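Colleague: Just passing along the structure, written as structure tokens.
The values are calculated or read from the model by the stated rules, or taken from the named source; none is laboratory data. This one's a predicted model, so the numbers in the text were calculated from it and none came from an experiment. Using ideal geometry, Cβ is built from the backbone for each residue, glycine included, and neighbour counts are taken over all protein chains shown.
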Amino acid sequence: MKKILVTTDFSSNSKAGMRFAIQMASQQECELTFFHSYYIMKPTSWGEKTFTSYENNEATKIKAKLEKFVAVVYVGMGIVPGKINHVISSSFITDANIMKYASDKHFDFICISRRGGGRVKKIFGTNTSNLILQSEVPVIAVPNTYRHVKIKSVLYATDLSDLEKEMKKVVEFANPLGAEIELLHLNYPSDIVFNSKVIENIIRKFPKSHIKYSLENINLLYNLVVNLQAVIKKHKPSILVMFTDQNQGFFQKLFLSSSTAEYSLNSSVPLLVYPKK
């Protein structure tokens, strides 16, 4: 059973990530843990006993608020909750708190909402971008405009390195959902020509999966993001999957290069990022 840590800050935007996780759990057996990170500052004039009592009372209120918030999202989706948990955790640094809990409790995914386009620092919001760039647990970043729909297709954008290992993870994600997979590689003119038979031989190793592939030449008039957006617009996948070493390579080209300082990724497509080991 997959374990998904679903984060929320009680904002309307955070409901998008919750909806996606709930949709996943409706298509396969998952254990969802709804997680809220909070921090209560201690007044300098308060003693330890007074503050501890106050903090415990506030924690009880926050836990009840989380449970109610989650219940409202389920009702809005018309879905009966399956195996779910509600966890609150105190920390001054939200993203570090999320990563530590996810790692310590061996979650398969972290699911978090993200904002729309804008400058690089605003692409996902601080917590989401930090999770994508640092978390050892795969992160699902869901645009705040997401409304739940059945997960039918996975677009796997790849630089073709470690293809078989990565494909295995993509298949493990897609198959339980009954989703088809499309492998996409965008060729730069300077890239080494990749033999399509190699891809076909790897695909044959996953006979129970519906996998197709596209090798497309990048349009040099536009940056990598625009080229990828064009593919997303054409194929309309349920989710985009990528692998990153978190500081180099394909992902850095895509999101951190100066040519992509301002852009808006297709607002309807969640993004699943696996860290390269």
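Colleague: Report yes if residue 200 is loosely packed, with under 14 Cβ neighbours inside 10 Å, under 18 Å from residue 274 (Cα atoms) and modelled with pLDDT of 85 or more, otherwise no.
Modeller: no
Colleague: I'd like the full set of residues that are of a type in the set (Val, Ile, Thr) and surrounded by 16 or more Cβ atoms within 10 Å (Cβ to Cβ), limited to the stretch 139-167.
Modeller: The answer is 139, 140, 142, 151, 154, 158.
Colleague: Within the stretch 19-39, is there a residue that is touching a strand residue (DSSP E or B) at 6+ places or on another chain (Cβ under 9 Å), surrounded by 14 or more Cβ atoms within 10 Å (Cβ to Cβ) and basic (Lys, Arg)?
Modeller: First, the residues of the stretch 19-39 that are touching a strand residue (DSSP E or B) at 6+ places or on another chain (Cβ under 9 Å): 19-22, 24-25, 28-39.
Subset that is surrounded by 14 or more Cβ atoms within 10 Å (Cβ to Cβ): 19-22, 24-25, 28, 30-38.
Add one more test, that the residue is basic (Lys, Arg), and what stays is 19.
Yes, because at least one residue in the stretch 19-39 is touching a strand residue (DSSP E or B) at 6+ places or on another chain (Cβ under 9 Å), surrounded by 14 or more Cβ atoms within 10 Å (Cβ to Cβ) and basic (Lys, Arg).
Colleague: Out of (1) touching a strand residue (DSSP E or B) at 6+ places or on another chain (Cβ under 9 Å); (2) exposed (fewer than 14 other Cβ atoms within 10 Å of the Cβ), the odd one out for residue 170 is which?
Modeller: (2)
Colleague: Could I ask something else about it? Of the residues 246, 252, only one is out of contact with any strand residue (DSSP E or B) (no Cβ under 7 Å at 6 or more places or on another chain), at pLDDT below 80 and either in the same structural domain as residue 167 (by TED's automatic domain parsing) or closer than 19 Å to residue 154 by Cα (or both); which?
Modeller: Step by step, each of 246, 252 is checked, and only 252 is out of contact with any strand residue (DSSP E or B) (no Cβ under 7 Å at 6 or more places or on another chain), at pLDDT below 80 and either in the same structural domain as residue 167 (by TED's automatic domain parsing) or closer than 19 Å to residue 154 by Cα (or both).
Colleague: Right, here's the next one. Output the residues belonging to the stretch 77-118 that are crowded, with 20+ Cβ neighbours inside 10 Å, in a strand (DSSP E or B) and of a type in the set (Val, Ile, Thr).
Modeller: Listed by number, the residues that qualify are 110, 112.
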